[in-house]
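Novice: I have a structure here, written as structure tokens, and I will follow up with some questions on it.
The values are calculated or read from the model by the stated rules, or taken from the named source; none is laboratory data. The structure displayed is predicted, hence computed values, not measured ones. Cβ atoms come from the backbone with ideal geometry, glycine included; neighbour counts cover every protein chain shown. In case anyone asks, the SASA skips ligands and DNA or RNA and just uses the protein heavy atoms, side chains included. Shrake-Rupley method; radii C 1.70, N 1.55, O 1.52, S 1.80 Å.
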Amino acid sequence: MNISIQNIKPESLVLKYGTPLYLYDAAVIDRQIERMRNAFKGLPHRINYAAKALTNIAVLRHMKSRGLGLDVVSVNELRLGLECGFEPDEILFTSNSITMQEVKEAVELGVNVNIDSLSLLERFGEAYRGAKPCSIRLKLDPLIESHTKSAEWHKFSKFGIHHSKIGRVAEISRKYDLKIVGLHVHNSSAFLDVPVYLATADAMFEIAKKFNGLKFIDFGGGITIPFQPDEKAIDVDNLGEKLTQKTNSFYREYGERPEIWFEPGRFLVSECGWLLTRVTVIKENEKALFAGTDTGFNHLLRPALYGSWHEIVNLSNPTGKKRRYHITGNMCETDFLAHNRELSEIREGDLLAVKNAGAYGSCMASNYNSRVRPAEVMIRGGKAYLIKKKETYEDLLRNQVEVDW
Ligand code: LLP
């Protein structure tokens with residue numbers, strides 16, 4: 001069992017920075033970047049890291065240093081990207097219910113905007129005509145529904161311009177002489193198998209043939225990683241091989257070779273992150289054994305919000321006798337990190353690591369119950385760097401306005 005990261009013991013960091021603590025391993029990010037590059041090496045491709053998954057600027061800078069581009073979904077994410085050295089043409093701003101004001105800010109910052117509604121496309125056309133390029137975010141689910149039940153909810157998804165409206169996209173772009181340089185889809189945040197991904201690619205390539213001069217076709221994020229030990233995850237090498245064949249036949253028909261873009265979030269940063277938490281109390285009632293911790297859904301929302309399963313390891317007693325626990329948080333309401341989980345015996349004061357906490361962990365944390373958000377540390381090149389300070393009581397007051405009633 002891996003209980004140290006690049007030979008650094010989590011205990012030593014916890015002594016310095018306290019618990020809870022988010023801990024990231026840059027070597028795992030690098031491994032995942034390499035896996036992806038290798039899988040898609042046969043394609044002219046670009047990997048845009050989905051900044052929303054883990055938005056710390058040290059992580060963004062790390063991605064930049066590895067030659068990745070950036071996928072952003074708000075003007076502030078975009079500004080963080082620029083701050084971290086990404087060039088405007090290395091960033092794609094994907095819109096979702098955004099105002100024209102935000103579009104203008106993004107365009108002024110020199111970034112390509114990915115448009116996800118016909119009405120925004122009209123407004124973009126009125127504002128820029130052909131002077132600024134844009135790309136189109138599509139919604140394709142009915143084309144792939146026969147392949148998967150999990151695509152079902154996507155029928156109700158708010159994202160993108162429905163593929164049946166592609167004629168309107170063409171009309172609007174003719175009306176304003178728009179330059180559409182890319183097509184984009186983010187069909188799922190958990191692609192589980194290659195055929196579903198390839199069905200999406202087929203649908204995208206069919207639509208792409210209706211557009212001239214595309215510079216890129218962007219398949220979004222959604223390549224997942226296994227959370228449970230026996231969980232199925234997409235085989236990226238197999239995906240890369242099959243997608244390369246499909247893309248090459250598309251290139252032959254299309255006559256040009258638009259780049260293939262990907263926007264991984266979870267695939268790159270989920271496994272790099274551990275949330276370290278101290279066990280504050282052990283309680284037993286007639287029904288269950290509880291290990292209460294000093295964190296909760298205020299720091300890692302995924303188990304409470306999505307029922308997500310995160311591996312938990314007792315770092316203080318990794319080989320202890322196995323017992324079943326409910327691992328709870330300290331929020332003053334129902335707050336579980338794990339239900340009925342078999343773990344090495346837990347004692348009060350033990351240090352637990354909640355794994356796969358890199359993606360959508362710290363960035364979804366809150367100050368609920370007026371608890372502060374934890375510090376974040378990244379281990380890179382065998383050295384531990386503090387990349388975010390633990391919040392303080394003063395931070396809780398910072399934006400509150402004292403009114404003298
Ligand atoms: N591109 C776009 C346009 C997206 O909306 C997303 C994620 C991504 C890329 C990256 O997707 P990924 O590769 O990470 O699946 N909070 C949820 C996940 C929400 C994902 C939203 N969009 C969770 O914790 O599972």
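Novice: Distance in nm between label sites at SER370 and GLU108, each 7 Å beyond Cα in the beta-carbon direction?
Specialist: Inter-label distance under the simple model: 3.9 nm.
Novice: Pull out a ≥ b ≥ c, the square roots of the eigenvalues of the alpha-carbon gyration tensor of the chain, then state rounded if a/c is under 1.5, prolate if not and a/b is larger than b/c, and oblate in the remaining case. Present the calculation step by step, with values, prior to reporting the outcome.
Specialist: Details: a/c = 2.03, a/b = 1.67, b/c = 1.22.
Taking the square roots of the gyration eigenvalues as a ≥ b ≥ c, the chain is prolate.
Novice: Once the Cβ-Cβ distance between VAL181 and ALA233 is put in as r, and R0 is 35 Å, what FRET efficiency do you end up with, to the nearest 0.05? Mind dumping the intermediate values first?
Specialist: Numbers: r = 32 Å, r/R0 = 0.92.
That pair, VAL181 with ALA233, gives E of 0.65.
Novice: Of LYS9/LYS355; LYS104/LYS165; LYS158/LYS209; LYS139/LYS179; LYS41/LYS215, which ones are farther than 23 Å apart at the Cα? It would help to have the intermediate numbers written out before the result.
Specialist: Details: LYS9/LYS355 15 Å; LYS104/LYS165 25 Å; LYS158/LYS209 25 Å; LYS139/LYS179 20 Å; LYS41/LYS215 18 Å.
Exceeds cut-off: LYS104/LYS165; LYS158/LYS209.
Novice: For LEU109, what residues show an amide H to amide H distance below 5 Å, using hydrogens built from the backbone and excluding near sequence neighbours?
Specialist: Hits under the 5 Å cutoff: none.
Novice: Then there's this: If the chain between ASN38 and GLU11 were fully stretched, how many nm would it gain, using 0.36 nm times the residue separation less the Cα-Cα distance?
Specialist: On the way: separation 27, 0.36 × 27 = 9.72 nm, distance 3.47 nm.
Contour length minus the Cα-Cα distance gives 6.3 nm.
Novice: Using only helices, what value at 222 nm comes out for the chain when you add -39,500 (n - 2.57) per DSSP H run of length 4 or more and divide by the total residues, to the nearest 500 deg cm²/dmol? Mind showing how you got there, number by number?
Specialist: On the way: 13 runs with 123 residues, N = 405.
Theoretical 222 nm ellipticity from helices: -8500 deg cm²/dmol.
Novice: Using a basic spin-label model with each label point 7 Å from the Cα along Cα→Cβ, how many nm lie between ARG129 and ASN317?
Specialist: With each label point 7 Å from Cα toward Cβ, the separation is 7.4 nm.
Novice: Right, here's the next one. Ignoring ligands, DNA and RNA, what percent of the 1.4 Å accessible area of the chain is carbon and sulfur?
Specialist: Working: 9190 of 18640 Å².
The C+S portion of the solvent-accessible surface of the chain is 49 percent.
Novice: Would you mind calculating the relative contact order of the chain from Cα pairs under 8 angstrom and at least 6 residues apart, reporting the percent as a whole number?
Specialist: Values: 820 pairs, mean separation 79.8, N = 405.
Relative contact order of the chain: 20 percent.
Novice: Using only Cα atoms, locate the centre of the stretch 293-307 and the centre of the stretch 1-47, then give the distance between them in Å, rounded to an integer.
Specialist: Cα centres, the stretch 293-307 to the stretch 1-47: 21 Å.
Novice: Another one. Subtract the Cα-Cα distance of GLU284 and ASP30 from 0.36 nm times their separation in residues, and report this length gain in nm to one decimal.
Specialist: 87.2 nm
Novice: Points 7 angstrom from Cα along the Cβ direction at ASN96 and ASP193: gap in nanometres?
Specialist: 2.6
Novice: Same structure, new question: Is the stretch 26-267 rounded, prolate or oblate when judged by the Cα gyration tensor, a ≥ b ≥ c being the square roots of its eigenvalues, rounded requiring a/c under 1.5 and prolate requiring a/b larger than b/c?
Specialist: Details: a/c = 1.55, a/b = 1.16, b/c = 1.34.
Judged from the Cα gyration tensor, the stretch 26-267 comes out oblate (a/c at least 1.5, b/c at or above a/b).
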